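Here's the structure, in structure tokens; my notes come after.
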Amino acid sequence: MKKIRQSINLVLSAIIVALGFGSCVSQKTYKAAQEEIGVLKAENGALKAENANLQQEISKIRDYQKRTEERRVVYGPRPTNYNENINK
């Protein structure tokens with residue numbers, strides 16, 4: 001009976017030790033993953049800000065193009081009753 005109890009205690013101790021070492025490795029992996037996630041979130045925020053700036057610049061360029069297209073006239077502005085399909 002004593003031998004069985006010692007075997008069970010030995011097996012349980014081995015399991016507890018194995019779980020302890022396993023948790024240390026997984027804890028290190030978890031911390032490394034959390035740090036990488038933080039870095040990626042910071043990069044993502046920077047890219048979002050850059051994207052917003054580029055979108056703003058694009059809208060400014062489009063507005064400028066519209067204004068320059070409106071200014072393109074040969075002999076003055078279009079007549080008020082201008083009709084593109086005058087022959088129809």
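Every number here is computed from the coordinates shown, using simple stated rules; none is lab data. Remember, predicted model here, so these are calculated numbers, not experimental data.
Some values worked out for this structure:
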{"quantity": "Length gained when the stretch A33-A18 is fully extended (0.36 nm per residue, less Cα-Cα span)", "calculated": "3.2 nm"}
{"quantity": "Karplus-derived HN-Hα couplings along the stretch 47-63 (A = 6.51, B = -1.76, C = 1.60, θ = phi - 60°), whole Hz, x at Gly and Pro", "calculated": "5, 5, 5, 5, 5, 4, 5, 5, 4, 5, 5, 4, 5, 5, 5, 5, 4"}
{"quantity": "Column: log10 I(q)/I(0), Debye, Cα scatterers of the stretch 1-64, q = 0.29, 0.30 Å⁻¹", "calculated": "-1.05, -1.07"}
